[in-house]
Amino acid sequence: MDVLGFDLVCLMKTDVLIVGDGIAGLSSAITTRQKGLETVVLQPYSRPKDTFQVMLHPGVESLFKMLGVDQEVSCLAHSRPDGYWQYSTDGGGFVLYGQDTEGTWLGYLLNLRDLEALLRAKALGLGAIFMKTAGPVHAPMEYGTVKGLEIAGKHWGGDLTIDASGGRGILARDLCLKYLFGSPPLVATCASKTSSNPVSHPVFRMKPDGWRFDICTGQGQHSTISMAITAQKINPKHKSGWDVSWRYLPECAGPGYALVGDSAFRLDPGSGSGVLRAIMMGIKAIELSDKPYGWRLYRQWVSDWAHTDGAALASIYSEKPFNAAWPKSHRWSDVKLSF
Ligand SMILES: Cc1cc2nc3c(=O)[nH]c(=O)nc-3n(C[C@H](O)[C@H](O)[C@H](O)COP(=O)(O)OP(=O)(O)OC[C@H]3O[C@@H](n4cnc5c(N)ncnc54)[C@H](O)[C@@H]3O)c2cc1C
C-alpha cells in the first residue's frame, strides 16, 4: 500500500522522479518545483535513526538563498562560526573562513536531520509529491534513455530520473556504471556527550591514522566526528561507522538520468563541504537538464569538481601527519586504493 492508501501500479508518471530524500534529492525537488515541473520524491519507509551535527561551509549561504530557505536555516543553526581551530602533530592555529567587502564569512553548525526536515517541508510546500517505496530498483530504458524506475514491480515513470540515494548509488548499480576511487578505505564515526567545558569554535585535530572534529552544539552538548584510515574492508551491513572513502562516477548523467550528491561524488567529511556539494549538484542537475545535451555538461562539471577538490584535499592529506598512510600522488582510479 502507498501513502495514498491504495496500490498504484504503473499509474504514476511525472516530469522529474527523484529517488532519495536526503539533502541532494530535496534540493533537486525544490528546484524542480520552482521551475513548475511535476515532481515525485521516492523515500524509504524508515527514516535513518542516526543523527549528527555538521559544520557547513559559508558558501552554502548563497545556495540556501536560491532554495528560498536562508532565513529559516539561520534560525536552525546553533551558531555561525567564522572559522575553526586546526591542529596537526607539529602545531596548529585558527583558520578563518575568509572575508570580503560585506564582512567575515560565516559557516553553519546545525543538526543534519533538522536541515533535511526543513528542506522536506519546503519541497512539500512547493507541491512536490512524496511517496514511500521499498524493494529492488531497476531502471527501464527505451532507445538508450532511462524511463523512470521499477521498484518491486511498480513502474514510476519520469522524463528525468534523479538518483539521490547517497552511498547506495542505486542507479549506478542497476546501470552497471563504474565508480572511480580516490582514497584508502576511510570510515567515520560520531559520538555525543554533555560537557562542562564546551569548545567555543570547532576543533579539527589530525593524527597519523585519521582526524577528529569536535563541535559544541550549545547547552553543554558536545559532538565528535572521527575519521580513521583503515586497511579493513568496510561492510555497510555491520554498521560500525560510515564508509566515507572518496569515490566519483564519471557517467553521473546520461539520457534521462542524473546522479546527485554522494551517489555521484563523495569526499570524506574532512573536506567540510559534503552538504554544499549535495545542494549544488541537486540544483545544477536540474538547471542543466533543459539544455541540449545538458547531461554532458553536468558530467563535465562534476568531473572538473572531483578532480580539483580531490587534488586539493589530497595535497593536504599527503603532508604530515597523514603522509605515511596516504598515496603519494592523487588520481581517481577504478581500483580501490589500499596500503
Ligand atoms: C559522519 C559524517 C559527518 C559529516 N559531516 C559533515 C560536515 O560537517 N559538513 C558537511 O558539509 N558534510 C558532512 N558530511 C557529509 C554530508 O552529510 C553528506 O555529503 C550529505 O548528507 C550527502 O547527502 P545526499 O543527499 O547526497 O545523501 P544521503 O544523505 O545519504 O541521502 C540519501 C537518501 O536516500 C535514501 N535512499 C537510499 N536508498 C533509497 C531507495 N532505494 N529508495 C528511496 N530512498 C532511498 C536514504 O534513506 C537517504 O535518506 C558528513 C558525513 C558523515 C557520514
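Every read-out reported here was derived from the displayed coordinates using simple, explicitly stated rules and does not represent laboratory data. Treat the numbers as computed from the prediction; the structure is a model and nothing was measured. Using ideal geometry, Cβ is built from the backbone for each residue, glycine included, and neighbour counts are taken over all protein chains shown.
Within the shell of other residues whose beta carbon sits under 11 angstrom from the beta carbon of D163, the net charge comes to 0, with Lys and Arg scored +1 and Asp and Glu -1.
Note on A117 and I316: the model spin-label points, each 7 Å out from Cα along the C-beta direction, lie 3.0 nm apart. Ranked by the mean number of other Cβ atoms within 10 Å of their residues, highest first, the peptides 27-39, 320-332 fall in the order 27-39, 320-332. What would the Debye formula give as log10 I(q)/I(0) at q = 0.07, 0.08, 0.15 Å⁻¹ for the alpha-carbon point model of the chain, no solvent? Normalising to I(0) and taking log10 leaves -0.29, -0.38, -1.35.
Near I286, once Lys and Arg are set to +1 and Asp and Glu to -1 for all other residues with Cβ below 14 Å from its Cβ, the sum equals -2. Distance from the alpha carbon centroid of the stretch 9-59 to that of the stretch 163-209 works out to 20 angstrom. Where only DSSP H runs of four or more residues are counted, the chain gives -8000 deg cm²/dmol as its mean residue ellipticity at 222 nm, each run worth -39500 (n - 2.57).
When the chain is described by a simple charge dipole with +1 on each Lys and Arg Cβ and -1 on each Asp and Glu Cβ, the residue from G93, G153, L110 located farthest towards its positive end is G153. About the centre of its Cα atoms, the chain shows a dipole size close to 760 debye [charges on the beta carbon of Lys, Arg (+1) and Asp, Glu (-1) only; nearest 20 debye]. Going from the residue with the fewest nearby Cβ atoms within 10 Å to the one with the most, M281, M206 rank M206, M281. The packing ranking of peptides 307-314, 91-98, 19-26, 78-85, highest mean first, is 19-26, 78-85, 307-314, 91-98, where packing means the average number of other beta carbon atoms within 10 angstrom of each residue.
Going by neighbour counts of Cβ atoms within 10 Å, the residues W295, W305, W246 line up, fewest first, as W305, W295, W246. Axis angle, to the nearest 10 degrees, between helix 274-289 and the longest C-alpha principal axis of the chain: 30 degrees.
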